[in-house]
Structure formats: structure tokens, C-alpha cells
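The values are calculated or read from the model by the stated rules, or taken from the named source; none is laboratory data. Because the structure is predicted, anything quoted here is derived from the model rather than measured. For neighbour counting, all protein chains shown are included, and Cβ atoms are generated from backbone atoms with ideal geometry for every residue, glycine included.
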Amino acid sequence: MTTNSLRIAPANTADFRLLARKRLPQQLFDYIDGGSYQEITLANNLNAFSQLSLRQKILRDVSHIDLSYTLFDNKLNMPLILGPVGLAGCYAQRGEQQALKAANKHNIPFCLSTVGICSIEELQAQTNQEFWFQLYVIKDRSYALNLLKRAKQAGCKTLILTVDLPVLASRYRDVRNGLSASEASSTLLGKLKRGLDIATHPSWLWDVAIKGKPLTFGNLTDAVPNANSLDDFKGWVDNQFDASMTWQDLDWIRDNWSGNLIIKGILDSEDAKEAVRLGADAIVVSNHGGRQLDSASATLDILPEIAKTVNQQCKIIVDGGIRSGLDVVKALALGADTCMLGRAWAYALAANGEKGVNQLLNIFENEMRVAMALTGVTKVSDISKDIIVKK
Ligand SMILES: Cc1cc2nc3c(=O)[nH]c(=O)nc-3n(C[C@H](O)[C@H](O)[C@H](O)COP(=O)(O)O)c2cc1C
């Protein structure tokens with residue numbers, strides 16, 4: 001018997017990752033797990049957290065730890081957000097619905113991706129709590145405007161505008177698995193291999209591919225009428241990345257969105273200043289989870305410089321490599337106001353649906369509590385660089 005088969009419950013994000021790998025077809029697991037090119041930034045995001053040491057402090061009264069955090073006038077249970085992750089409805093049946101329920105249970109925001117499987121309206125029908133919407137800046141500005149209107153109608157008050165995809169980087173795993181358009185992926189052998197990958201994961205096949213239909217981009221169905229599968233959207237989506245976009249175009253978004261505006265994909269102090277000038281309510285220090293510019297800075301490494309420049313003129317959210325509550329505490333200590341999860345919740349969702357995401361959030365909450373208690377802080381606002389050991 002291997003130690004693996006003795007496992008009874010997932011203890012951390014790494015366990016959810018293993019469970020997701022088992023349950024998902026390889027092409028989907030790799031899509032979540034992988035990064036661009038050599039995956040240098042993906043690895044550096046994780047390393048930056050493991051290389052930072054916390055300063056243990058003893059004999060403080062840490063009997064009451066308060067994890068609550070107020071963002072845009074909403075009191076959250078903890079400084080955490082489930083960030084935009086495309087295709088979540090392919091990881092578990094109507095995955096965005098399940099993740100939203102878990103986020104609501106923990107009183108933290110959930111952000112629906114432009115390229116979610118569930119539409120804005122499908123989520124709205126599921127909840128009377130607010131959720132966030134993420135927009136990619138697409139060439140078809142009238143469609144973008146239409147999405148903004150729909151989000152507003154559904155009660156979304158917070159928009160994340162993702163700006164780090166003017167062009168699409170290559171992810172080698174997706175190329176090898178035939179997920180990126182290539183001659184090999186459309187050959188009979190390519191199709192057979194992808195089909196075999198799916199057929200050998202029957203529980204996913206039943207739960208998602210059969211019972212989780214329609215597997216289309218719910219927010220984009222008006223743009224591509226009569227689409228029946230994700231492949232039908234490919235041409236439209238690939239054509240919509242707008243490499244000509246500039247800061248002036250963001251003024252257009254600001255003019256058309258009266259709610260909170262968050263700019264996602266900032267890795268440079270000058271860009272952070274521009275976002276503040278534009279009137280952004282928050283920025284996300286993000287390298288898209290190491291999925292775009294390989295060799296871009298690890299987000300934790302660049303965070304202190306950006307926090308210094310922003311100087312509290314807008315909120316700072318950070319993502320990339322956050323896999324535990326200890327990581328959250330480290331990011332807050334280096335200047336983030338709150339953290340956003342990507343792969344961590346995607347793994348948990350793939351592993352065990354809503355229950356998995358709930359378990360993951362419980363784990364994060366406990367880890368944050370312990371990290372705060374052992375560094376001698378009892379309130380989120382008291383987390384500062386004093387709890388980091390300087391090198
Ligand atoms: C599978 C996957 C899909 C993603 N889809 C989107 C998306 O649709 N929109 C977006 O702004 N970011 C997207 N991201 C990036 C995440 O929002 C986030 O920036 C990143 O995952 C953070 O890194 P982490 O996964 O290491 O936590 C995606 C990331 C992954 C892993």
C-alpha cells in the first residue's frame with residue numbers, strides 16, 4: 001500500500017492539486033496547472049513565498065484573532081477573493097455556481113471571468129449576494145459595453161479589468177496537449193488522443209461533460225450565435241485580443257463603469273501610478289499566474305516597490321503563487337491590502353466541487369489564524385513588515 005492510498009482528507013492546496021490531477025482529463029489539468037514558456041515566473045511566484053521568513057513572536061495575548069477586513073465598504077470574513085478563472089464550469093459541474101456558493105458561505109468576493117462557462121445571469125439567478133465581474137478588453141467595444149450593462153443589471157458593483165493579455169503567450173503544455181490551434185491538434189490521431197484522455201476519466205465525463213452542459217462561454221453566446229461547443233468560440237475569442245489598447249482606452253471604461261474599478265496585471269510602479277491617476281479603486285499586482293510574460297517578476301518580489309509608490313492612494317490586491325494562509329499573511333506584510341486566489345480554488349473545485357472550495361477556504365482561514373497568532377498580531381490591520389525577517 002502506498003502512503004497515497006492511506007490519505008483520508010486533503011490537508012492543503014497541494015493535496016487538492018493531486019486530487020484535481022487524478023480527476024481531470026490531463027489536457028484540462030495542464031491548462032490549469034501550467035504556465036507560459038519555461039514556466040520560470042510560475043515557479044518564481046511560488047519560490048518567492050517559500051523564501052520569505054516570518055518572525056515568530058511569543059507571549060502576546062493572541063486569544064482573539066480578528067481576520068475580518070473591509071473592502072469597498074463591505075466587511076469580509078477574511079482578506080481573500082476568489083479571482084477570475086476561465087472555464088471553471090469545465091472543472092466541475094457548473095463550476096462557477098459552486099465556487100460562488102462557497103465564497104458566499106465564507107463571506108468573501110467571487111469574481112466571474114469573461115470566459116466563464118456560467119453566464120452573468122446564471123450566477124445572478126443563484127444568489128442574492130453580490131459577485132464581481134472580470135472583463136478582458138476586447139476589440140468589439142460595443143460587446144464590451146453590453147457585458148458591462150449586463151453586469152450592472154445583475155447587481156455587480158465591482159469590475160476587474162484585466163489588461164495583461166494584449167497578446168497571448170504560448171503555454172507549451174497546451175500546445176503538446178492539442179489545446180492550442182495547430183496542425184497536429186486537428187489530425188485524426190490528435191483528436192483520438194484527446195478523446196481517449198476524456199474517456200479514461202469517467203467520473204469527470206459524467207459529472208461535467210454530460211450533466212454539466214452546456215459547456216459554452218455563457219457570457220459570449222450572443223457574440224457567437226448557434227455555438228454548441230467551446231471550439232465554436234475559438235475564432236471569435238482569438239480575434240478579440242486588442243494589442244492596440246492604451247491608457248486612453250481605459251478612460252473609456254472609467255466613463256462607462258460607475259462602480260468600483262480594479263485594474264489587473266500591474267507589475268510596474270509607473271503603471272501603478274497611471275492606474276491611480278485614472279481613478280482605479282484598486283490594482284491587482286499580477287503576472288496572470290505566470291501564464292503571460294515568462295521571466296516577469298514574481299508578484300511578491302515587486303509588491304513592496306509598488307506599495308511604496310501607490311502609498312495608499314488605492315487598494316492593492318496581489319495574486320500569483322498564493323497557496324496557503326501563511327502566504328496571505330506574508331503578502332499583507334509586504335504591502336498588499338488583500339489577496340486573490342487563482343489555481344488554489346480551481347484545484348479545490350476540480351477535486352471536490354463546492355465542498356472542496358469550502359474545505360480550502362477553511363484551511364486558509366485556519367492557516368492565517370495560526371500565522372497571525374505566532375507572529376504576535378491579532379488584527380489584519382496590524383500585519384506589517386515587522387513580522388518579516390529581513391535578509
Ligand atoms: C486556469 C486559469 C484560468 C484563468 N483565467 C483567467 C481569466 O479568465 N481572467 C483573468 O483575469 N485571469 C485569469 N487567470 C489568472 C488568475 O486570475 C490569477 O491572476 C492567477 O491564477 C494567479 O496565480 P495563481 O494561480 O498562482 O494563484 C487564470 C488563471 C488560471 C490558472
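Any idea which residue in segment 346-357 is surrounded by the fewest Cβ atoms within 10 Å (Cβ to Cβ), counting only those that are of a type outside the set (A, V, I, L, M) and over 10 Å from G95 (Cβ atoms)?
K355
Here are A336, A373, A346, A350: which of them is more than 16 Å from the ligand (Cβ to nearest atom) and among the small types (G, A, S)? Please lay out each step first, then the result.
On the way: A336 fails: more than 16 Å from the ligand (Cβ to nearest atom); A346 fails: more than 16 Å from the ligand (Cβ to nearest atom); A350 fails: more than 16 Å from the ligand (Cβ to nearest atom).
After ruling out the rest, the residue left standing is A373.
List the pairs whose first member sits in segment 163-178 and is within 30 Å of I253 (Cβ to Cβ), whose second member is aromatic (F, W, Y) and surrounded by fewer than 16 Cβ atoms within 10 Å (Cβ to Cβ), and whose Cβ atoms are under 7 Å apart, counting only residues at least 6 apart or on separate chains?
Close Cβ pairs satisfying both conditions: L165/F241; P166/F241; V167/F241; L168/F241.
Taking segment 144-171, which residues are part of a helix (DSSP H, G or I) and surrounded by 16 or more Cβ atoms within 10 Å (Cβ to Cβ)? Talk me through it step by step, then tell me what you get.
Let us first name the residues in segment 144-171 that are part of a helix (DSSP H, G or I), namely 144-153.
Residues satisfying the conditions are A144, L147, L148, R150, A151, K152.
Say we look at segment 235-256 and pick out the residues that are surrounded by 12 or more Cβ atoms within 10 Å (Cβ to Cβ), away from the ligand (no atom under 16 Å from the Cβ) and closer than 16 Å to L147 by Cα; which of these is modelled with the highest pLDDT?
Only one residue tops the list, namely N256.
Out of the helices (runs of 4 or more DSSP H) lying entirely within segment 282-391, which hold 3 or more residues that are within 15 Å of the chain's Cα centre (by Cα) and at pLDDT below 95?
none
I need a count of the residues in segment 208-234 that are small (G, A, S), within 21 Å of N146 (Cβ to Cβ) and surrounded by fewer than 17 Cβ atoms within 10 Å (Cβ to Cβ). Don't jump to the end; show me each part of the working.
We begin by selecting, within segment 208-234, every residue small (G, A, S); these are 209, 212, 218, 223, 227, 229.
So of that shortlist, the ones also within 21 Å of N146 (Cβ to Cβ) come out as 218, 223, 227.
Those left that are additionally surrounded by fewer than 17 Cβ atoms within 10 Å (Cβ to Cβ): none.
Residues meeting the conditions: 0.
Scan L59, L28, L42 and give me the residue that is assigned to a helix (DSSP H, G or I) and either in contact with a Lys or Arg (Cβ under 9 Å, 6 or more places away or on another chain) or more than 20 Å from G290 (Cα to Cα) (or both). Let's see the steps before the verdict.
On the way: L59 fails: assigned to a helix (DSSP H, G or I); L28 fails: either in contact with a Lys or Arg (Cβ under 9 Å, 6 or more places away or on another chain) or more than 20 Å from G290 (Cα to Cα) (or both).
From the options L59, L28, L42, the qualifying one is L42.
Of the residues that sit in segment 257-279 and are in contact with an Asp or Glu (Cβ under 8 Å, 6 or more places away or on another chain) and assigned to a helix (DSSP H, G or I), which one is surrounded by the fewest Cβ atoms within 10 Å (Cβ to Cβ)?
The selected residue is S269.
Working carefully through the options L303, L361, find the one that is in contact (Cβ under 8 Å) with a residue 40 or more places away in the chain and of a type in the set (A, V, I, L, M, F, W, C). It would help to see each step written out before you state the result.
On the way: L303 fails: in contact (Cβ under 8 Å) with a residue 40 or more places away in the chain.
Step by step, each of L303, L361 is checked, and only L361 is in contact (Cβ under 8 Å) with a residue 40 or more places away in the chain and of a type in the set (A, V, I, L, M, F, W, C).
Which pairs have Cβ atoms under 6 Å, sit 6 or more apart or on different chains, and link a residue in segment 238-249 that is in a helix (DSSP H, G or I) to one that is surrounded by 11 or more Cβ atoms within 10 Å (Cβ to Cβ) and among the basic types (K, R)?
Q240/K139
Output the qualifying pairs, or none if there are none: Cβ atoms under 7 angstrom, residues six or more apart or on different chains, first residue in segment 72-97 and within 16 Å of the ligand (Cβ to nearest atom), second residue of a type in the set (D, E) and part of a strand (DSSP E or B).
Within 7 Å, no pair qualifies.
How many of the residues in segment 5-31 are within 12 Å of the ligand (Cβ to nearest atom) and hydrophobic (A, V, I, L, M, F, W, C)?
Total satisfying the criteria: 4.
All but one of (1) closer than 16 Å to A331 by Cα; (2) of a type in the set (V, I, T); (3) more than 14 Å from the ligand (Cβ to nearest atom) hold for V276, so report the exception by its number.
Only one criterion in (1) closer than 16 Å to A331 by Cα; (2) of a type in the set (V, I, T); (3) more than 14 Å from the ligand (Cβ to nearest atom) is unmet by V276, namely (1).
Within segment 193-228, count every residue that is in a helix (DSSP H, G or I), free of Cβ contacts under 8 Å to residues at least 40 places away in the same chain and either aliphatic (A, V, I, L, M) or under 28 Å from Y143 (Cβ atoms) (or both).
Going through segment 193-228, the residues in a helix (DSSP H, G or I) turn out to be 193-199, 202-210, 218-220.
Still in the running and free of Cβ contacts under 8 Å to residues at least 40 places away in the same chain: 193, 195-196, 199, 202, 205-206, 209-210.
Imposing the further condition that a residue be either aliphatic (A, V, I, L, M) or under 28 Å from Y143 (Cβ atoms) (or both) reduces the set to 196, 199, 205, 209-210.
Number of matching residues: 5.
Out of curiosity, is G290 within 14 Å of the ligand (Cβ to nearest atom), small (G, A, S) and farther than 30 Å from Q248 by Cβ?
No.
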